[in-house]
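The values are calculated or read from the model by the stated rules, or taken from the named source; none is laboratory data. From a predicted model like this one, the values you see are computed outputs, not experimental measurements. Every residue, glycine as well, gets a Cβ built from its backbone with ideal geometry; the counts of neighbours run over all protein chains shown. Just so you know, the surface numbers come from the protein's heavy atoms only, side chains and all, with ligands and any DNA or RNA stripped out. Shrake-Rupley method; radii C 1.70, N 1.55, O 1.52, S 1.80 Å.
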Amino acid sequence: MKLWIGNMAPGTTDETLREFIAKYAGSLECTSIQRVEGDGTRPAAILTFSGGELESVPKLALRLDGMYWQGRKLTASAAAGR
């Protein structure tokens, strides 16, 4: 199960991102973070999760999409693939 998250603040570390996501992920566990290349103005990442229900990642995406974090409005969506 994967989550695409974009428009993070530049310089956001993987550890900071994991801590933030853990607050909202419930029983999901983030097993990997893959950074998405771009011009650096709106950093993005694809997070892979294990555990939880099949619909947990789409629900997490809905919760995070549009949320303000570190002065930025996040974009989030459930990504294809497990």
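Once the stretch 51-82 is narrowed to residues that are at pLDDT 95 or above and in a strand (DSSP E or B), the residue that is most open to solvent (accessible area, probe 1.4 Å) is Y68. Checking each residue of the stretch 20-29 against the condition of being of a type in the set (A, V, I, L, M), at pLDDT 95 or above and in contact with a helix residue (DSSP H, G or I) (Cβ under 7 Å, 6 or more places away or on another chain) gives no match.
Can you tell me which residue within the stretch 1-50, out of those that are of a type in the set (G, A, S), open to solvent by less than 40 Å² (accessible area, probe 1.4 Å) and free of Cβ contacts under 8 Å to residues at least 60 places away in the same chain, is nearest to A79 (Cα to Cα)? Quick ask: steps written out before the conclusion?
The initial filter retains those residues of the stretch 1-50 that are of a type in the set (G, A, S), namely 6, 9, 11, 22, 25-27, 32, 38, 40, 44-45, 50.
From what is left, the residues that are open to solvent by less than 40 Å² (accessible area, probe 1.4 Å) are 6, 9, 25, 44-45.
Narrowing the set further to residues that are free of Cβ contacts under 8 Å to residues at least 60 places away in the same chain leaves 25, 44-45.
Working: A25: 15, A44: 13, A45: 11 Å.
Selected residue: A45.
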